[in-house]
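**Student:** First the structure, which I've put down as structure tokens, then a few questions once you've had a look.
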Ligand code: 13P
Ligand code: MG
Ligand code: MG
């Protein structure tokens, strides 16, 4: 049976600032998911939050980009927006950037990660299905570049690339140029690793422009292991309306890397663009699912939930909150300390985002005003 896993996420309002959605918003989304399962649009569904973003985690038989599922997600975010508006919450409907999207919500504001696969309990390679759902807040899709590079291209981080003959065959990475905004389509490149790993590195060096959108197995080229929501809100809105806050699906085990290999790079707390006003560079903190943002200068955060799927495409009713585990407590402390030290540098240089990112913020008005005040001073002879 062909199953599609769709994660669709949006910020449609939050309490007291960019912190977390309200319980009533979440309850409204959960009710709608239950109804959709009852009327068989969805096979199963979950609602989670990471900071101020609500993620709808859905399995169904309608394929990638299905208008029915995307339309359902959009309507669910509208219903949650109504709840937020009634309660006077902040930033209502923030990520719903068009009036009503035609079918697919990719490019309309919400973050979308989707993978379709054959769910066959008799399959030689994939009798059972395991996957991770990542959700980042206060960051952009390039936040996944370092961890995914480490896992799929670097045996110093992922020994499985040496130990498993199926992983050793390598992967095909699809990298998207997120600056390319065209109605006629996306600009993407497909590179095989390990052969092209350094070419991949050259692109990923710029996480504000290039991001990994998909990864496929080279052992089984039809099998997609990773999907990332690699779209930039400022390219859709033309101005800063909030950060992209990307979601990702990573399938695990068997022909794919193991859970413990995939999460290893998050020990670092690497620096990403995002944070307060989406305009800073700060370290990424792994957090439990359903964590609010309440710290100084936000801190970019990421959650990770591990799931299994039964032969009918249902989630097993029980999930594992990976970053909620005690194993990540020391990392959280380290990342907070790293952030505190870094913030002491204020606004000068690399603590703020690159000028390409700041181009969507108000600092540009001041800079262009100052441009006019500059005068040429002739060299004294
Ligand atoms: P979000 O993108 O999570 O809404 O945060 C926006 C922001 O500007 C926080 O300072
Ligand atoms: Mg927000
Ligand atoms: Mg957010």
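Computed from the coordinates by the stated procedures, all read-outs in this text should not be read as laboratory data. Bear in mind that the values here come from a model prediction, so they are computed numbers and not experimental data. Note that we place each Cβ from the backbone using ideal geometry, even for glycine, and neighbour counts take in every protein chain shown.
**Student:** One quarter of the convex hull surface, Cα atoms only: what value does that give for the chain in nm²? Provide the component values of the computation, followed by the final result.
**Tutor:** Details: hull surface 88.5 nm².
Averaged projected hull area, Cα only: 22.1 nm².
**Student:** Once you place label points 7 Å from the Cα toward the Cβ at residue 336 and residue 87, how far apart are they in nm?
**Tutor:** 2.5 nm
**Student:** Going by Cα centres, region 162-183 and region 273-295 are how many Å apart?
**Tutor:** 26 Å
**Student:** Using 0.36 nm per residue, how much length does the chain from residue 99 to residue 296 gain when fully extended, once their Cα-Cα distance is taken away?
**Tutor:** Values: separation 197, 0.36 × 197 = 70.92 nm, distance 3.38 nm.
Here the answer is 67.5 nm.
**Student:** Between rounded, prolate and oblate, where does region 263-324 land on the alpha carbon gyration tensor, with a ≥ b ≥ c its root eigenvalues, rounded for a/c under 1.5, else prolate if a/b exceeds b/c?
**Tutor:** Values: a/c = 2.92, a/b = 2.35, b/c = 1.24.
Cα axes put region 263-324 in the prolate bin.
**Student:** Using alpha carbon centroids, what distance separates region 105-135 and region 32-62, in Å?
**Tutor:** Cα centroid of region 105-135 versus Cα centroid of region 32-62: 14 Å apart.
**Student:** Can you tell me which of 220, 138, 20 moves the most in a GNM of the chain? Springs connect C-alpha atoms under 10 Å apart.
**Tutor:** Answer for the Gaussian network model of the chain: 220.
**Student:** I'd like the distance separating the alpha-carbon centroids of region 66-101 and region 312-354, in whole Å.
**Tutor:** So the separation of the two Cα centres works out to 27 Å.
**Student:** For residue 325 and residue 260, compute 0.36 nm times the residue count separating them, minus their Cα-Cα distance, and round to one decimal in nm.
**Tutor:** Values: separation 65, 0.36 × 65 = 23.40 nm, distance 1.27 nm.
Taking 0.36 nm per residue and subtracting the Cα distance, the gain is 22.1 nm.
**Student:** Rounded to the nearest 500 deg cm²/dmol, what is the calculated helix-only ellipticity per residue at 222 nm for the chain, with -39500 (n - 2.57) per DSSP H run of length n ≥ 4? The partial results should precede the final answer.
**Tutor:** On the way: 11 runs with 101 residues, N = 381.
Calculated at 222 nm, the ellipticity per residue is -7500 deg cm²/dmol.
**Student:** Starting with the fewest neighbours, write out 168, 157 ranked by other beta-carbon atoms found within 10 Å of each beta-carbon.
**Tutor:** Least crowded to most crowded, the residues run 168, 157.
**Student:** Please determine, in degrees from 0 to 90 and to the nearest 10, the orientation of helix 329-343 with respect to the longest principal axis defined by the Cα atoms of the chain, where the helix direction is its Cα long axis.
**Tutor:** The angle comes out near 20 degrees.
**Student:** Tell me the angle of helix 23-38 to the major Cα principal axis of the chain, expressed in degrees between 0 and 90 and rounded to the nearest ten.
**Tutor:** The angle comes out near 30 degrees.
**Student:** Between residue 1 and residue 179, take the C-beta separation as r, use R0 = 41 Å, and let me know the FRET efficiency to the nearest 0.05. Before the final figure, lay out each step's value.
**Tutor:** Numbers: r = 39 Å, r/R0 = 0.94.
Once the sixth-power term is evaluated, E becomes 0.60.
**Student:** Could you work out which residue, out of 123, 229, 22, moves most in a Gaussian network model of the chain, that is, has the largest mean-square fluctuation with Cα springs under 10 Å?
**Tutor:** 123
**Student:** If you don't mind, another one. Which order results if 139, 307 are arranged by neighbouring Cβ count within 10 Å, fewest first?
**Tutor:** Values: 139 26, 307 21.
Ascending number of Cβ neighbours within 10 Å: 307, 139.
**Student:** What is the spin-label model distance, in nm, from residue 361 to residue 156 if the labels are put 7 Å beyond Cα along the C-beta direction?
**Tutor:** In this crude label model, residue 361 to residue 156 measures out at 3.1 nm.
**Student:** On to the next question. Quick one: among 163, 96, 284, which has the greatest mean-square fluctuation in a GNM of the chain with alpha-carbon springs under 10 angstrom?
**Tutor:** Maximum among the listed residues: 163.
**Student:** Then there's this: In degrees between 0 and 90, to the nearest 10, how far off the longest principal axis of the chain does helix 363-373 point, with axes built from Cα atoms?
**Tutor:** 20 degrees
**Student:** Shifting gears a bit: Quick one: work out the % antiparallel among DSSP beta bridges in the chain, nearest 5. Don't skip to the answer; put the middle values down first.
**Tutor:** Numbers: 67 of 69 bridges.
Bridges in the chain that DSSP calls antiparallel: roughly 95 percent.
**Student:** Distance in nm between label sites at residue 375 and residue 125, each 7 Å beyond Cα in the beta-carbon direction?
**Tutor:** Output for this residue pair reads 7.1 nm.
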